[in-house]
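The values are calculated or read from the model by the stated rules, or taken from the named source; none is laboratory data. Values in this document were obtained by computation on a predicted structure and should not be read as measured data. Here Cβ is always computed from backbone atoms with ideal geometry, including for glycine, and neighbour counts include all displayed protein chains. Surface accessibility is based on the protein's heavy atoms, side chains included, excluding ligands, DNA and RNA. Shrake-Rupley method; radii C 1.70, N 1.55, O 1.52, S 1.80 Å.
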Amino acid sequence: MDYNFYEMNDAQLLGAKRHIKNQLDKYKSHMEELNQHLETKFFSIARDELHRQGKDFGSVTIFTESEEKLKANIRKKVVWDQDSLRDALNNMQNEDAQHYGKVTYSVEERKYTNAPPAIRNVLEPARTVEHGTVSFELMENE
């Protein structure tokens, strides 16, 4: 369905948004279900082919039962144990630890908001508030 949003009134724009959102939600759900089924059916085949090539992760082309090509990409996800990593970096030379490690400081907004004025005054110079993403959600009429 094609839309010319510039020629729509408010009610038409909101109706189009509602319709498109419903379609997106439906297709997103279908795509998630389809991807789960594809993973169940082809993951082990793709993993075995990667292993045959001497790899644990990456892209590989496999063939389905109907001889169709299917490109599978098994991505690597790395999760660092924070306590072990901190200990390892603390045991390195300072220069090496700074080169390889990354430290991020943050304050939970809830804690900042509930902090006593003296604490907030100390933290305030380091705090910047910017716009995040903007979204619009349709509310049902009561």
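FRET efficiency for MET8 and GLU33, Cβ-Cβ distance as r, R0 = 35 Å, nearest 0.05?
About 0.60, to the nearest 0.05.
Could you point to the residue in PHE63, ILE74, MET92 farthest towards the positive end of segment 50-97's charge dipole, with +1 and -1 charges on the Cβ of Lys/Arg and Asp/Glu respectively?
PHE63
Output wanted: per-residue J couplings in Hz (rounded whole) for segment 4-16, from phi through Karplus 6.51 cos²θ - 1.76 cosθ + 1.60, θ = phi - 60°, x for Gly and Pro.
Once rounded to whole Hz, the list reads 10, 4, 5, 9, 9, 7, 4, 5, 5, 4, 5, x, 5.
Which far-off residues, 5 or more places away or on another chain, put their amide H under 5 Å from the one on TYR3, with H placed in the peptide plane?
Long-range HN contacts for TYR3: none found.
Calculate one ³J(HN,Hα) per residue across segment 79-84 by plugging θ = phi - 60° into the Karplus curve 6.51 cos²θ - 1.76 cosθ + 1.60, and present them in order as whole Hz with x for glycine and proline.
10, 9, 5, 5, 5, 5
Using DSSP to call loops (not H, G, I, E or B), can you name the GluC sites (Glu not before Pro) in segment 37-80 whose Cβ has at most 10 other Cβ atoms within 10 angstrom?
Answer by residue number: GLU65, GLU67, GLU68.
Length gain on complete extension for the stretch ARG47 to LYS102, per 0.36 nm per residue less the alpha carbon to alpha carbon distance?
16.6 nm
For segment 24-33, just list the computed ³J(HN,Hα) in residue order, Karplus coefficients 6.51, -1.76 and 1.60, θ = phi - 60°, integers in Hz, with x standing in for Gly and Pro.
Those phi angles translate into 4, 4, 5, 5, 5, 5, 4, 5, 4, 5 Hz.
Quick one: accessible area per residue over the chain, 1.4 Å probe, rounded to a whole number of Å²?
96
Taking the Cα centre of the chain as origin and charging only Cβ (+1 Lys, Arg; -1 Asp, Glu), how large is the dipole, in debye to the nearest 20?
It works out to roughly 280 debye.
Would you mind telling me the share, in percent, of accessible area of the chain contributed by carbon and sulfur at probe 1.4 angstrom?
C and S fraction of accessible area: 51 percent.
When a/c reaches 1.5 or more, the comparison of a/b and b/c decides; with that in mind, is segment 1-127 rounded, prolate or oblate per its Cα gyration tensor?
It is oblate, given that a/c is not under 1.5 and a/b is not larger than b/c.
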